[in-house]
1. From the protein chains alone at 1.4 Å, what is the descending order of accessible area for Asp91, Asp140, largest first?
2. Accessible surface of Cys23 in the full protein assembly, 1.4 angstrom probe, to the nearest 10 Å²?
3. Between Arg160 and Leu105, 0.36 nm times their residue separation minus their Cα-Cα distance comes to what?
4. To the nearest 10 square angstrom, how much accessible area does Val62 have with a 1.4 angstrom probe?
5. How far apart, in nanometres, would the label points at Lys149 and Lys76 be if each is projected 7 angstrom from Cα along the Cα-to-Cβ direction?
Amino acid sequence: MLSLSDFEEARITGIKVNYYFVCKRKLWLFSRGLAFESSSEKVALGKLLHEIVYPTSKRKEVLINNLIRIDVVSRKAVRETKFSSKMEEADRWQVYYYLFYLEQLGIKREGEIAYPKEKRVERIKLTDEIRKKLIEILEDIERIVSLPKPPEAEKQSYCRACAYYDFCFSED
Ligand code: SF4
């Protein structure tokens with residue numbers, strides 16, 4: 001079973017958990033530093049969106065162990081702000097991972113996923129079932145990023161919007 005030091009050693013970030021659900025090839029490419037897509041830009045955009053939509057919110061951004069960047073919005077909750085809910089499942093597991101990571105540090109929180117354009121906030125909590133599934137996911141992420149080659153490209157409806165599109169399908 002994974003311990004906190006395993007997370008840190010594997011450098012599993014929230015974005016990797018998100019990509020696990022979006023595309024295993026994307027996860028592999030990103031993890032190997034083939035970052036055509038700037039995660040720091042994404043973080044900055046998320047921060048900007050949050051500031052525009054919640055200008056009076058008492059949000060505090062916290063970087064934990066130089067690995068997990070979390071918006072703490074209250075004593076009870078952390079929040080992730082997203083542009084759209086197209087990748088809702090990926091968003092949810094990303095936040096479950098933050099909650100789980102915090103829990104390993106002895107900090108209990110609930111999660112909020114804000115979709116301001118849809119005027120919607122989803123609230124989530126960890127359960128034993130989710131913890132168990134999350135450990136399996138983290139172990140599978142480690143397996144995937146250790147593969148000598150990236151998983152094959154499988155075209156999805158959202159591939160065109162992916163920064164790796166040309167890399168994956170340049171012969172199309
Ligand atoms: S273009 Fe499609 S297959 Fe390639 S990494 Fe992006 S999502 Fe995955």
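The values are calculated or read from the model by the stated rules, or taken from the named source; none is laboratory data. Because the structure is a prediction, the values reported are computed rather than measured. Note: ideal-geometry Cβ built from the backbone for every residue, glycine included; neighbour counts use all protein chains shown. When the accessible area is computed, the model is the full protein with side chains, heavy atoms only, and any ligands, DNA or RNA have been set aside. Shrake-Rupley method; radii C 1.70, N 1.55, O 1.52, S 1.80 Å.
1. Details: Asp91 5, Asp140 35 Å².
Solvent-accessible surface, decreasing: Asp140, Asp91.
2. 40
3. On the way: separation 55, 0.36 × 55 = 19.80 nm, distance 3.88 nm.
The Arg160-Leu105 span can extend by a further 15.9 nm.
4. Looks like 50 Å² after rounding.
5. Inter-label distance under the simple model: 5.1 nm.
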